[in-house]
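Okay, structure first, notes after.
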Protein chains: 2
Amino acid sequence: MCGQCNYRSLLQAGGLEPTLNRLRVLEVIGSNSSPLSAHDILATVNRTAGINRVTVYRILGLLVSKGLVERLSGGGRSLVYGLAPNEHHPAHPHFHCRSCGALQCLQPGSLKVDLRGIERSFAGEIQGVEVRVDGICRNCLKRA
Amino acid sequence: MCGQCNYRSLLQAGGLEPTLNRLRVLEVIGSNSSPLSAHDILATVNRTAGINRVTVYRILGLLVSKGLVERLSGGGRSLVYGLAPNEHHPAHPHFHCRSCGALQCLQPGSLKVDLRGIERSFAGEIQGVEVRVDGICRNCLKRA
DNA sequence: TGACAAATGCAACTATGTTGCATAATGTCA
DNA sequence: TGACATTATGCAACATAGTTGCATTTGTCA
């Protein structure tokens with residue numbers, strides 16, 4: 001997702017000590033082209049260094065609460081994590097393949113959501129919008 | 001959600017025997033003003049008749065696979081179920097309160113999603129779009 | 001160094017959903 | 001109606017995702 005992010009500074013900007021584990025988790029999330037599940041993040045970090053499952057969950061919770069990472073529904077039962085939108089990464093929808101479960105990022109402008117109507121009429125504070133497109137991806141279509 | 005639906009006919013149109021349990025589950029979903037979790041559906045049906053947890057999950061799976069019910073991410077860890085869009089119920093976004101977890105339906109037209117861009121450029125089959133607005137609901141704002 | 005706080009690990013737990021198999025209910029046909 | 005097949009349901013056990021409590025380790029600063 002990003003070559004422009006300095007993860008250490010990101011953590012510090014969020015008021016978090018840039019520990020090795022936090023850096024590793026954030027790097028895994030930031031360098032992947034689509035959001036990852038906690039399970040995948042754990043597996044990836046574990047390939048190069050040992051880390052505990054619980055530690056991963058706790059770091060993810062911290063990163064989300066500090067606004068560095070966004071937690072999305074992956075379309076299935078588990079939640080997925082991606083870099084939160086910022087100046088380098090505009091918010092964008094995701095596509096979820098119902099056949100293979102894969103998740104991919106769609107172009108930020110590819111799907112227009114008009115929030116104005118809702119902001120006018122809705123009595124509450126809007127903090128974010130998640131748009132997920134479900135269907136069958138190209139690979140699975142070919143395979144069928 | 002609906003006073004116009006004949007649940008028995010809906011089930012039969014989906015090729016499902018209209019058993020008592022299926023009718024009860026579908027009625028609970030259809031008569032609630034917002035999508036419900038499997039847990040809530042089980043609890044509601046159990047207030048008037050006994051039904052097993054597994055049976056509820058199996059019925060929900062059937063209803064979703066036949067297109068009578070849609071399965072959405074509730075914003076938290078569990079999935080929620082609502083009547084699938086049809087001529088009486090246009091598709092609509094949902095609001096999820098991050099404070100109390102409540103889910104509510106938003107007006108169908110309140111949030112415009114432009115699918116055309118994506119349909120042109122995306123190499124895959126699009127089956128549905130889920131839009132969820134996250135934030136803090138009116139009640140929780142007042143309480144804070 | 002010693003004391004304190006923050007981060008991590010481990011085990012156990014909760015919540016949500018699924019599977020295998022037995023039983024009960026329902027439909028079909030002679 | 002009775003026998004059989006099919007379908008729906010229930011129960012127990014399992015699987016997966018995430019959380020909590022508490023002990024240990026690591027880092028920071030006087």
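Values as computed for the structure displayed
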{"item": "Identity of the residue in region B:88-97, surrounded by 15 or more Cβ atoms within 10 Å (Cβ to Cβ) and within 13 Å of chain A (Cβ to nearest Cβ), that ends up farthest from DNA strand D (Cβ to nearest atom)", "result": "B:H92"}
{"item": "Residue within region A:117-134 that is touching a residue at least 40 places away in the same chain (Cβ under 8 Å), surrounded by 15 or more Cβ atoms within 10 Å (Cβ to Cβ) and more than 7 Å from chain B (Cβ to nearest Cβ) present", "result": "no"}
{"item": "Unique match (being touching a Lys or Arg at 6+ places or on another chain (Cβ under 9 Å) and assigned to a strand (DSSP E or B)) among B:L60, B:L23, B:L42, B:L72", "result": "B:L72"}
{"item": "Among (1) exposed (fewer than 15 other Cβ atoms within 10 Å of the Cβ); (2) more than 7 Å from chain B (Cβ to nearest Cβ) - the single one A:L141 does not satisfy", "result": "(2)"}
{"item": "Any hit, region A:66-73, residues being among the small types (G, A, S) and either in contact (Cβ under 8 Å) with a residue 40 or more places away in the chain or on the phi > 0 side of the Ramachandran plot (or both)", "result": "yes"}
{"item": "Of the criteria (1) away from every other protein chain (no Cβ under 14 Å); (2) in contact (Cβ under 8 Å) with a residue 40 or more places away in the chain; (3) more than 11 Å from DNA strand C (Cβ to nearest atom), which one A:D40 fails", "result": "(2)"}
{"item": "Complete set of residues in region B:75-87 that are away from every other protein chain (no Cβ under 13 Å), under 15 Å from B:S34 (Cα atoms) and surrounded by fewer than 17 Cβ atoms within 10 Å (Cβ to Cβ)", "result": "B:P85"}
{"item": "Hits in region A:90-138 - residues which are assigned to a helix (DSSP H, G or I), at pLDDT below 90 and either in contact with a Lys or Arg (Cβ under 8 Å, 6 or more places away or on another chain) or of a type outside the set (V, I, T) (or both)", "result": "A:P108, A:G109, A:S110, A:R116, A:G117, A:E119, A:R120, A:S121"}
{"item": "Condition check for A:L20: touching a His at 6+ places or on another chain (Cβ under 7 Å) and either within 11 Å of DNA strand C (Cβ to nearest atom) or farther than 20 Å from A:Q127 by Cβ (or both)", "result": "no"}
{"item": "Of the criteria (1) surrounded by 14 or more Cβ atoms within 10 Å (Cβ to Cβ); (2) within 23 Å of B:R71 (Cα to Cα); (3) more than 7 Å from every other protein chain (Cβ to nearest Cβ), which one B:C100 fails", "result": "(1)"}
{"item": "Pick from region A:43-54, criterion of a type in the set (A, V, I, L, M) and at pLDDT 95 or above, ranking: farthest from DNA strand C (Cβ to nearest atom)", "result": "A:A43"}
{"item": "When residues of region A:1-35 are limited to those that are of a type in the set (K, R) and within 13 Å of DNA strand D (Cβ to nearest atom), the one modelled with the lowest pLDDT", "result": "A:R8"}
{"item": "Region A:43-63 - residue that is aliphatic (A, V, I, L, M) and within 10 Å of DNA strand D (Cβ to nearest atom) and, of those, nearest to the other protein chains (Cβ to nearest Cβ)", "result": "A:L60"}
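The values are calculated or read from the model by the stated rules, or taken from the named source; none is laboratory data. Note that the structure is a prediction, hence the values are computed from the model and not measured. As a convention, Cβ positions derive from the backbone with ideal geometry for all residues, glycine included, and neighbour counts pool all protein chains shown.
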